[in-house]
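The values are calculated or read from the model by the stated rules, or taken from the named source; none is laboratory data. None of the values given here were measured: they were computed from a predicted structure. Cβ placement follows ideal geometry from the backbone for every residue including glycine, while neighbour counts extend to all protein chains displayed.
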Amino acid sequence: MASTTTSRPPDSREAAQRHPSGDNRFKLLDRTITKHHNSGDALIEVLHAAQGIFGYLENDLLIYIARALRLPLSRVYGVATFYHFFSLKPSGKHTFVLCMGTACYVKGAAVIHKEVEHHCQCKFGETTADGNVSLVQARCVGSCGLAPVAVVDGQVAGKLTAASSLDRIKQWQDEEVTR
Amino acid sequence: MTTEDLHELAEKETDRQRQLRDRILYCAAAGCVSCGSHATRDAIKKALKERNLEKEVEVLGTGCMGLCGEGPLVKISSDGSVYERVDEETGRRIVEEHLCEGRKVGAHLIDTSQPFFSSQQKIVLEHCGKINAESIDEYIAAGGYGALARVVTEMQPQDVIEEIRKSGLRGRGGAGYPTGLKWGIVRKAKSEQKYAVCNADEGDPGAFMDRSVLEGDPHRILEGMAIAGYAVGANQGYIYIRAEYPLAIERLKLAIKQAERLGLLGNRIFESDFNFRIDLRIGAGAFVCGEETALLRSIQGRRGRPRPRPPYPSEVGLWGMPTLINNVETYANVAPIINRGSAWFAGIGTPKSTGTKVFALAGAIRNTGLIEVPMGIPLRNIIFDIGGGTPEGTEFKAAQTGGPSGGCIPAEHLDLPVDYESLATVGSIMGSGGLIVMDSTSNMVEVAKYFMDFCMDESCGKCIPCRVGTVHIYGLLDTISRGKGTTDDLALLEELCVMVKETSLCGLGQSASNPVLSTLKFFRHEYTDLLSKPESFVPSVSPDPASAGPADGPAANDGHDSTTHA
């Protein structure tokens, strides 16, 4: 009996990587995995790529990554949950990332925080019930000169007030209603 | 690539610039971009095209010009005029009036003789706001990679380390460890493989110095790292950068590609035996990864959890190999020291803290932005001359340095010189350079609570003092801020702060109580004013709402918090 357990032949490794769903996005992810030679040390890079491709990290995806990098699932799950940047839940259609850095805090981000939560009827770190708006809290986006700051759908918006923040969110909600 | 090739490139670029009629520089750092500096650029380009000037006048995006609160900023290269709040219309007027008619657009012109500009001394930021951040040619024309050429072709590694040691350069990440000493330790470590790592995980809220340097002058960091790699004997470098800085990541990627193409990174640099490569590692939002041992684990794809030191990373680091870790600003100081000599650098600042420090000025201050000052400058000069003081109608209350690891410095210590030792005497730290000004509207108990909330959330959970201690400190601060604390709570708070400080595993826990201890030291009355009076304290099941003391917060009385610790 030949000992094939110690080193798997390359084609079986490829087969292990291919996802049964046939989803083409996995091919994109495979490219990143191959670039890092299926090394477990590249776990964070692979998770970044996966979140970029799929939007969030669902369990199935984490299992796929664990197998491709030959890591225990506990390690992959542990790393994915340790870092704030990785999200295991789908995010809303729009995101409102409020900076809670010191400069923003001193300039009244806490008021915006409260008003926005009140208006959206959900807390920061959650998505509104209709799946339209995700509220995210950031440590510091580094645009302290413009405090208070929020990153609204990827665009930095500075010198905000509670009213101007709510205007942006209301705009998204209105769009949703007219749709 | 040889030294001659480098000079040739520099001359070619200088000639090209000389042939232009003028150059319009717009700030393309994150702050100004979010104020719309790209729209301004397009308007300027369009106006130039209308007048057929697009070939004679170059429009280029630079790194941070400093005055982030007044963006977008635009600078005219020929006479050094700087304009603030340049929207599309103003951009068009600058082309029409300033460039064509020689008339300055008065309403938007910044007075560059004001202390904000004249009191600064720029070494780290010397190229920021002056060169195109995305052009390696411009960096070379400004003398870039000259230091690397000299080091690799003329100097021995020991001489490089000696030069850095004599300059007195200390780690700019906050702790202030002598850089030359650290390089010497890594050099001496016996190993086939060594690494040089740049810590660009700028996690302190309110700090954006490193981001500005990386966005405005990325090649400076690459050059500094390559020199360090040569000195310590490393052939691989890693830059660990926050995922929150997409623009800096993009510029670094481009810079690495450009340097590799010219052979300034890679194999046989300047036709020597020295090989050096740099790769990026993107962080994923964990404050603790700024701690060096946690950072190394994160580079290796693990959770960012610190480990006890020794062994220090300079002996056992990445994959068990000796690893040099320096901050962005530290690496940015390397090339100027090699170019101008250690004696020049040691002459700036104070004898123990040499050189300059970059600060990110923010909060309740008129001129928010990025500044660089010589070490030892009094805090008063930074806040009132350069920063322009607090906004109209408010009074200065405290300056916060060092982020969640630092402390609040009150008005009576405004004449304190800003250097590593002096800041430590008042219970704060130099930190990485965030300087947040608070005015009379800030409630110091709330400020302490804000920072503790941060540390509580960012604690990695490995050691108990930090994981449990921060939660309890936060709970006590919450009780006190709601007007339900007692003198016993205050005593317990102080005891707990000292315990967490002395027994935590890494810098995060060891410094987590600094904001509480320093506010307790200088603003104790704000805490005691909130304590419920002992005689009216009723530790029974029927709390009297009127006895809650001078509470200013929402006094939702449940009567339990204060009895817990009684």
All but one of (1) modelled with pLDDT of 95 or more; (2) farther than 20 Å from residue B:294 by Cα hold for residue B:440, so report the exception by its number. (1)
Leading residue by the ranking (surrounded by the most Cβ atoms within 10 Å (Cβ to Cβ)) among those in the range B:316-331 that are closer than 21 Å to residue B:145 by Cβ and β-branched (Val, Ile, Thr): B:328
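Yes/no per residue for (1) assigned by TED's automatic domain parsing to the domain that holds residue B:226; (2) touching a Lys or Arg at 6+ places or on another chain (Cβ under 8 Å); (3) of a type in the set (S, T, N, Q):
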position: B:257; (1), (2), (3): yes, no, no
position: B:263; (1), (2), (3): yes, no, no
position: B:280; (1), (2), (3): yes, yes, no
position: B:287; (1), (2), (3): yes, yes, no
position: B:296; (1), (2), (3): yes, no, no
position: B:301; (1), (2), (3): yes, no, no
position: B:313; (1), (2), (3): yes, no, no
position: B:323; (1), (2), (3): yes, yes, yes
Please enumerate the residues belonging to the range A:32-70 that are assigned to a loop (DSSP other than H, G, I, E, B), surrounded by 20 or more Cβ atoms within 10 Å (Cβ to Cβ) and facing another protein chain (nearest Cβ under 9 Å). A:69
Does residue A:160 meet the test of being surrounded by 14 or more Cβ atoms within 10 Å (Cβ to Cβ) and farther than 23 Å from residue B:438 by Cα? no
Which of the residues belonging to the range B:178-208 are of a type in the set (D, E, K, R) and in a loop (DSSP other than H, G, I, E, B)? B:190, B:192, B:194, B:201, B:202, B:204
Which residue pairs have Cβ atoms under 8 Å apart, sit 6 or more places apart or on different chains, and have a first residue in the range A:20-38 that is at positive phi and a second that is surrounded by 12 or more Cβ atoms within 10 Å (Cβ to Cβ) and at pLDDT 90 or above? A:38/A:68; A:38/A:69; A:38/A:70
Conditions: (1) at pLDDT 80 or above; (2) not in a helix (DSSP H, G or I). Residue A:6 meets all but one. Number of the miss? (1)
Could you identify the single residue in B:370, B:423 that is within 13 Å of chain A (Cβ to nearest Cβ), buried (at least 24 other Cβ atoms within 10 Å of the Cβ) and either among the aliphatic types (A, V, I, L, M) or not in a strand (DSSP E or B) (or both)? B:370
Of the numbered conditions (1) surrounded by fewer than 16 Cβ atoms within 10 Å (Cβ to Cβ); (2) closer than 17 Å to residue B:528 by Cβ; (3) among the hydroxyl-bearing types (Ser, Thr, Tyr), residue B:503 fails exactly one; give the number of that condition. (2)
Please report, ordered by residue number, the helices (runs of 4 or more DSSP H) entirely within the range B:9-93 with at least 3 residues that are away from chain A (no Cβ under 14 Å) and surrounded by 17 or more Cβ atoms within 10 Å (Cβ to Cβ). B:37-50, B:88-93
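I need the helices (runs of 4 or more DSSP H) fully contained in the range B:469-534, keeping only those with at least 3 residues that are among the β-branched types (Val, Ile, Thr) and modelled with pLDDT of 95 or more.
Values: elements: B:487-503, B:507-512, B:514-522, B:524-528.
The qualifying helices (runs of 4 or more DSSP H) are B:487-503.
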Only one of (1) of a type outside the set (Asp, Glu); (2) within 14 Å of chain B (Cβ to nearest Cβ); (3) in contact with a strand residue (DSSP E or B) (Cβ under 7 Å, 6 or more places away or on another chain) fails for residue A:88. Which number is that? (3)
When you go through (1) surrounded by fewer than 24 Cβ atoms within 10 Å (Cβ to Cβ); (2) within 14 Å of chain A (Cβ to nearest Cβ) one by one for residue B:287, which number turns out not to apply? (1)
Restricting attention to the range B:94-125, the residues that are outside any loop (DSSP other than H, G, I, E, B) and over 22 Å from residue A:145 (Cα atoms) number exactly 9
Does residue B:444 count as surrounded by 22 or more Cβ atoms within 10 Å (Cβ to Cβ), more than 25 Å from residue B:201 (Cβ to Cβ) and either basic (Lys, Arg) or out of contact with any strand residue (DSSP E or B) (no Cβ under 6 Å at 6 or more places or on another chain) (or both)? yes
Quick check on the range B:230-241. Is at least one of its residues assigned to a helix (DSSP H, G or I), over 27 Å from residue B:406 (Cβ atoms), at pLDDT 95 or above and not hydrophobic (A, V, I, L, M, F, W, C)? yes
Report whether or not residue B:470 is out of contact with any Asp or Glu (no Cβ under 6 Å at 6 or more places or on another chain), among the hydroxyl-bearing types (Ser, Thr, Tyr) and within 12 Å of another protein chain (Cβ to nearest Cβ). no
Which condition breaks for residue B:280 when tested against (1) within 14 Å of chain A (Cβ to nearest Cβ); (2) surrounded by fewer than 21 Cβ atoms within 10 Å (Cβ to Cβ); (3) among the hydrophobic types (A, V, I, L, M, F, W, C); (4) under 17 Å from the mean Cα position of the chain (by Cα)? (4)
Selected residue [under 22 Å from the mean Cα position of the chain (by Cα), away from chain A (no Cβ under 14 Å) and closer than 30 Å to residue B:122 by Cα] from B:244, B:260, B:250, B:292: B:292
For the structure I just gave you, tell me whether residue A:76 is under 18 Å from the mean Cα position of the chain (by Cα), surrounded by 15 or more Cβ atoms within 10 Å (Cβ to Cβ), within 8 Å of chain B (Cβ to nearest Cβ) and of a type in the set (Val, Ile, Thr). no
Just checking, which of A:140, A:144, A:99 is modelled with pLDDT of 90 or more, within 11 Å of another protein chain (Cβ to nearest Cβ), surrounded by 19 or more Cβ atoms within 10 Å (Cβ to Cβ) and closer than 22 Å to residue B:452 by Cβ? A:99
